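Note sheet for the following structure.
What follows is calculated from the coordinates using simple rules that are stated; it is not laboratory data. This one's a predicted model, so the numbers in the text were calculated from it and none came from an experiment.
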Amino acid sequence: MFTILFTCLTFIIFGKLLIFAVKASWGLAKILVTVLFLPVVLIVLVVAGLVYLAVPLLLIAGVFSLVRAHN
């Protein structure tokens, strides 16, 4: 009986820890993409001569950040 109870509680606790780990890594991934990946991609596009592609991406990111900031 104690083994069944211990097993159930172990699955519950590790399940909650797994959910917390996924939420934390998702938040970290969003921060890394926003702070590091997007500016590096835009700089590489400009250096490579693809300004016509970098400017619309920058405008889309700017509008998206403005919309998200007001909600």
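Helix 2-32 axis versus longest C-alpha principal axis of the chain: approximately 10°, rounded to the nearest ten. Debye-formula intensities of the chain, expressed as log10 I(q)/I(0) at q = 0.19, 0.22 Å⁻¹, are -0.86, -0.97 (one equal scatterer per alpha-carbon, no solvent).
Working out 0.36 nm times the residue gap between residue 44 and residue 58, then minus their Cα-Cα distance, what length gain in nm do you get to one decimal?
3.8 nm
Here the Karplus relation 6.51 cos²θ - 1.76 cosθ + 1.60, evaluated at θ = phi - 60°, turns the backbone of segment 51-61 into coupling constants of 5, 5, 9, 6, 5, x, 5, 5, 5, 5, 5 Hz, with x for every Gly and Pro.
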